[in-house]
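Remarks on the structure that follows.
The values are calculated or read from the model by the stated rules, or taken from the named source; none is laboratory data. These numbers come from a predicted model, not from an experiment. Every residue, glycine as well, gets a Cβ built from its backbone with ideal geometry; the counts of neighbours run over all protein chains shown.
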Amino acid sequence: MKDNKLELIDILRLKPGYLKKGTGWLADQFGTTLDDAREALQQVKLESKGLIVEEEVVDIQREILLKTNSKIKIINKEQGLYKLLVLSDLHGVFLDNKAWNIVLEIIKNNKFDEIVLNGDILDFPFISKHDRKLFEVPVLQNYSEVLEIEFTKKAILKPLRDAAPDAKIVFRLGNHEERLTQGKYTVAAERLAKLFKHYNSSELDEMLELQSFNIEYDPKEVRDYFGKFEVVHGLSLAKTAPRNNINMYMGSGTSGHSHRLNSTYIRNKKSPYVWVESGCLRTINDVEYLNTAMVADWMQGFVTVTFDNDSDLFFSKTHPIVNGSCEFNGVVYK
């Protein structure tokens, strides 16, 4: 009968005209006892005069709390969670070893179902129309494209596979890999010819020997997860890139390219959308194409996304690496 009383209270709030009715009429119409009808009538009359007593407020709050708590459930991995780690913008020979070692330790100590290398894993600084803008930084002394590919295999791909022997790992293209795969820069024709001759191939996945590391090669622009989250490398460097990507892809997702670590949320009548930028894992000081007086507006870090496969829910997070330290799941790595 308590539920009938609560329903009657709601009805009286919505239809104040019923406050003029008698308790007998209310009890007959809404299936309550005379006592419940009398108490409901008294409570709503007091509310309308701003005189509701504290005990009644507590009772109402208790009812709301009980209803809310009854809907809470805890989901664990066995019930359908899929954990994705997104890494981007390592930039080959410009890799920040400290940041990378932190990521590898996090991977060793946490289980991920899938790890995506989301573009600009290599740099190819001289296969570019901007090559003349490069400063004389030590890492570019004696540089060659062959050296960078071998470095990527030994310093990035092998340690990553060793850290996550059971995870699915996917290698995706960024604009820096496309310097090679799309052959746009004829100014670097001689460099490309030497590279292709060395490996007897012009295919990047073959040069990197991705199959030997059991790494999937995904050259598509967009990688979709469960129809609710998209992974792209991205093209925009604008501060509004996350919002632009939500509008462009009409949904949620993550991108690299900007080297920034941001989350942007948009909520409308259809759904809340989120877009996260995944930062970078390259060096962010003494950048090879910036004047020494300039500070890059970049942030080292990565993104994790947890999908609930039994619903439309997913949870994305950015994880910054600040001055060589990162907190992940309550543990500080530095």
- Message: Where the second residue is at pLDDT 75 or above and part of a helix (DSSP H, G or I) and the first is on the phi > 0 side of the Ramachandran plot and β-branched (Val, Ile, Thr) and lies in the range 1-23, which pairs have Cβ atoms under 8 Å and are six or more apart or on separate chains?
- Response: none
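For Ala188, indicate whether it is buried (at least 18 other Cβ atoms within 10 Å of the Cβ) and farther than 25 Å from Asn97 by Cα.
Details: buried (at least 18 other Cβ atoms within 10 Å of the Cβ): yes; farther than 25 Å from Asn97 by Cα: yes.
Spelling it out, Ala188 is indeed buried (at least 18 other Cβ atoms within 10 Å of the Cβ) and farther than 25 Å from Asn97 by Cα.
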- Counting only residues that are surrounded by fewer than 21 Cβ atoms within 10 Å (Cβ to Cβ) and either of a type in the set (Phe, Trp, Tyr) or at pLDDT 85 or above (or both), the range 128-147 contains a total of 6
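Output yes when any residue across the range 280-291 is within 22 Å of Asp224 (Cα to Cα), touching a residue at least 12 places away in the same chain (Cβ under 8 Å) and assigned to a loop (DSSP other than H, G, I, E, B), and no when none is.
First, the residues of the range 280-291 that are within 22 Å of Asp224 (Cα to Cα): 280.
Pick out the ones that are also touching a residue at least 12 places away in the same chain (Cβ under 8 Å) and you get 280.
Imposing the further condition that a residue be assigned to a loop (DSSP other than H, G, I, E, B) reduces the set to none.
No: zero hits.
When you check Ile11 against the structure, is it modelled with pLDDT of 75 or more and out of contact with any strand residue (DSSP E or B) (no Cβ under 7 Å at 6 or more places or on another chain), yes or no?
Values: modelled with pLDDT of 75 or more: yes; out of contact with any strand residue (DSSP E or B) (no Cβ under 7 Å at 6 or more places or on another chain): yes.
It is true that Ile11 is modelled with pLDDT of 75 or more and out of contact with any strand residue (DSSP E or B) (no Cβ under 7 Å at 6 or more places or on another chain).
Per-residue answers, yes or no, for (1) farther than 19 Å from Ile106 by Cβ; (2) assigned by TED's automatic domain parsing to the domain that holds Asp123; (3) over 20 Å from the mean Cα position of the chain (by Cα):
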{"site": "Asn262", "(1), (2), (3)": "yes, yes, no"}
{"site": "Ile266", "(1), (2), (3)": "yes, yes, no"}
{"site": "Tyr273", "(1), (2), (3)": "yes, yes, no"}
{"site": "Gly279", "(1), (2), (3)": "no, yes, no"}
{"site": "Thr283", "(1), (2), (3)": "yes, yes, yes"}
{"site": "Leu290", "(1), (2), (3)": "yes, yes, yes"}
{"site": "Val303", "(1), (2), (3)": "no, yes, no"}
{"site": "Asp308", "(1), (2), (3)": "yes, yes, no"}
{"site": "His319", "(1), (2), (3)": "no, yes, no"}
- Across the range 221-237, which residue is surrounded by the most Cβ atoms within 10 Å (Cβ to Cβ) among those that are out of contact with any Ser or Thr (no Cβ under 8 Å at 6 or more places or on another chain) and without any contact (Cβ under 8 Å) to a residue 24 or more places away in the chain? Asp224
- Scanning the range 258-279 for residues that are out of contact with any Phe, Trp or Tyr (no Cβ under 8 Å at 6 or more places or on another chain) and in a strand (DSSP E or B), which turns out nearest to Asn323 (Cα to Cα)? Glu277
- Taking the range 164-180 as the search range and keeping residues that are surrounded by fewer than 17 Cβ atoms within 10 Å (Cβ to Cβ) and touching an Asp or Glu at 6+ places or on another chain (Cβ under 8 Å), which one is nearest to Ser255 (Cα to Cα)? Asn175
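Which residues, counting only those in the range 297-316, are over 26 Å from Asp286 (Cβ atoms) and in contact (Cβ under 8 Å) with a residue 12 or more places away in the chain?
Applying the first criterion (over 26 Å from Asp286 (Cβ atoms)) to the range 297-316 yields 304-316.
The answer is Thr304, Val305, Thr306, Phe307, Asp308, Asn309, Asp310, Asp312, Phe314, Ser316.
Take the residues in the range 282-325 that are among the aliphatic types (A, V, I, L, M) and in contact with a His (Cβ under 8 Å, 6 or more places away or on another chain), then tell me which one is surrounded by the fewest Cβ atoms within 10 Å (Cβ to Cβ).
Start the filter on the range 282-325 by keeping residues that are among the aliphatic types (A, V, I, L, M), which leaves 284, 287, 290, 293-296, 299, 303, 305, 313, 321-322.
Checking the rest, the ones that are also in contact with a His (Cβ under 8 Å, 6 or more places away or on another chain) come to 284, 296, 299, 303.
Working: Ile284: 19, Ala296: 16, Met299: 19, Val303: 25.
Across the range 282-325, the extreme among qualifying residues is Ala296.
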- Message: Looking only at the range 206-230, how many residues end up being more than 21 Å from Leu180 (Cβ to Cβ) and in contact with a Leu (Cβ under 9 Å, 6 or more places away or on another chain)?
- Response: 3
